[in-house]
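Encoded as structure tokens, the structure appears first; notes follow it.
The values are calculated or read from the model by the stated rules, or taken from the named source; none is laboratory data. These numbers were taken from a predicted model, which means no experiment stands behind them. Here the Cβ positions follow ideal geometry from the backbone for every residue, glycine too, while neighbour counts run over all protein chains shown. The accessibility values were calculated without ligands, DNA or RNA, using every heavy atom of the protein model including side chains. Shrake-Rupley method; radii C 1.70, N 1.55, O 1.52, S 1.80 Å.
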Amino acid sequence: MDSVFDDLAEYRQHLGLPPADSETDGSTIAKLEIDGQTFFGVNSSSNPYRRQITLKVNNISRTHAEADAFQQVLDAGIKAAKARLTVDRDLCRACGLQGAVNSMAYQVGIEELEIITPSGSKSMKVTAPKTRRT
């Protein structure tokens, strides 16, 4: 059986990046599958396809592979209730616990998101993001 991370490893190779979790690896690859289409995201320091992130997202997550993938979905105008996000490293605190992935999914109209990382997979109901009071 093929690993769910094989596509991400191939994309890394295509970009000339080292294997995930190797000694020289400083990159993250995310794959967002939605409405029969696939979008690969790369963290901005390794991304040859720099995109302007117009999604409302915290400054930490703005440069992450997940934001790159969700931005591509937004730019393509794709709307679907369900999607799958596969990332070749675990979500950082800003993307996971602090809710950036949920927020970006909400902004593109996703209602249910499956998230697959090296630590495992989980499905989540996407909710309206909590906003910080100033």
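Points worth noting:
- Long-range lysine pairs (8 or more apart or interchain), the chain, Cα under 18 Å: 8
- The chain - percent of accessible surface contributed by carbon and sulfur, probe 1.4 Å: 47 percent
- Accessible area of region 1-90 divided out per residue, in Å², using a probe of 1.4 angstrom: 56 Å²
- In degrees, nearest ten, helix 6-15 long axis to first principal axis of the chain (Cα): 70 degrees
- Beta bridges by DSSP in region 54-134, antiparallel share as percent, to the nearest 5: 55 percent
- Annotation note: trypsin sites (Lys or Arg not before Pro) in region 1-104 located in DSSP loop regions with a Cβ neighbour count of at most 16 within 10 Å are 50, 51, 56, 79, 93.
- Nearest-ten-degree value, helix 65-76 long axis tilted from longest Cα axis of the chain: 60 degrees
- The chain: calculated mean residue ellipticity at 222 nm from DSSP helix runs of at least 4, using -39500 (n - 2.57): -6500 deg cm²/dmol
- Residues in region 35-41 carry Karplus couplings, in order, of 6, x, 10, 10, 10, 9, x Hz; the curve used is 6.51 cos²θ - 1.76 cosθ + 1.60 with θ = phi - 60°, and Gly or Pro positions show x.
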